[in-house]
Amino acid sequence: MALRKFTAATVEEAFAQIERELGGEAIILDTRTSLIERAPGAAPAEQVEVWVQEPDAPPAPSADAPAASPDAAAPDALADDLSRLRARVQAVHAQLDTLAQRLDWLGAAGSALPGEFALSVAEGLARNLPFSSALPDAPARVALIGPSGVGKTTCLARLAYHARRDGHAVGVISADTIRLGAREQITTLCEHGDFPLAFVYHPADVGDALRRVEGCALVLLDTPGINPRQPEDGAWLAELLAAFDPAQVHLVQPGSVSGAALRDTLQAYARFTPDHLLITKMDEAAYLVDLLPVIAQSGLALSFFGMSASVTETPLPATAARLAQALRLA
């Protein structure tokens, strides 16, 4: 039994290639969709892999064998038709699997589905994602990273208020010293919450900053929104995180981002080894369902959801039920 693997951009192209090379006799054994890396900075592309069993070569006719009668060819023709039909059915199943994996059907028609049915489907999808909103045991350090404008500083303030309400002393270290108004924003937030604050301008300053917030059960690091694809910026952030040595690294992303943009950001920030995903602006998410397969592939645990602009509002721990509710309202 000879096995062959065919790869193509779509299921249709793969099956067309199989039919050209092997005809309708090939037996489809497995079909799957995977992501392949492209040039640095480009989003991964989908690739379809199809494993088939090649048809056995017909035995050579013996010189003494009698000539086949016209009626004897009928079963062979029927077998050919059945083989082609089986291949077509398997192709349809492969297309349905691919469609279900991409979740396009729910994203396109989610608002038209009955509420309870949509909630049931969303809960089923969300149940397979990892969730972890527990902050590390004291004393602990937590870093927030992500592009500019995603709400890192606001999230940091919310986490600080949340931890203090649980009885923990919280300190803040800010490395966001370049963005216009960043120092004033974090200073105002920390003065309002009475949180000790230290600034760092270089990774070498982290040791002194940690001594200024010594005794705090939780220390939160606010980082600037850099372009991780720029070698100097990426190296600077990697050095900063190494000096801070966080127990958790939360990548902050808005719920309004597209699936393709989230995949691109995850790829760009993978070098900083985030272990949690904190989603802000959940009330602005219009196509939240498109993010589910990207989050599932990332392996990051969903930590908190941001739902409003109030910095003093307790962040919502990420749960399957909250995600399902947000999916239904999107």
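Read-outs throughout are calculated quantities, based only on the coordinates presented, and are distinct from any laboratory measurement. Worth saying up front: this structure is predicted, and the values here are computed from it rather than measured. Glycine also receives a Cβ, built like all others from the backbone with ideal geometry; neighbour counts cover every protein chain displayed.
For the listed peptides 280-289, 172-181, a ranking on the average number of other beta carbons within 10 Å per residue, highest first, reads 280-289, 172-181. When the inverse distances between all different Cα atoms of region 123-173 are averaged and flipped, the Kirkwood radius reads 13.1 angstrom. For region 218-330, pairs of C-alpha atoms spaced more than 24 angstrom apart make up 27 percent of the total.
Using only alpha-carbon positions in region 197-281, the gyration tensor eigenvalues give semi-axes of 25, 16, 10 Å once each is multiplied by 5 and square-rooted (largest first).
Most tightly packed first, judged by the mean number of other beta-carbon atoms within 10 Å of their residues, the peptides 219-225, 133-139, 45-51, 272-278 read 219-225, 272-278, 45-51, 133-139. Under conditions of 20 °C and 1.002 mPa s, region 125-329 yields 126 µm² s⁻¹ as its translational diffusion coefficient, taking Rh as the Kirkwood radius over Cα pairs in the Stokes-Einstein equation.
Packing here is the average count of other Cβ atoms within 10 Å per residue, and on that basis the peptides 264-271, 244-251, highest first, run 244-251, 264-271.
How large is the convex hull of the Cα atoms of region 264-316 per residue, expressed in Å³ as a whole number?
Per residue, the Cα convex hull of region 264-316 comes to 97 Å³.
Based on the reciprocal of the average 1/r between different C-alpha atoms, the Kirkwood radius for region 144-190 equals 11.4 Å.
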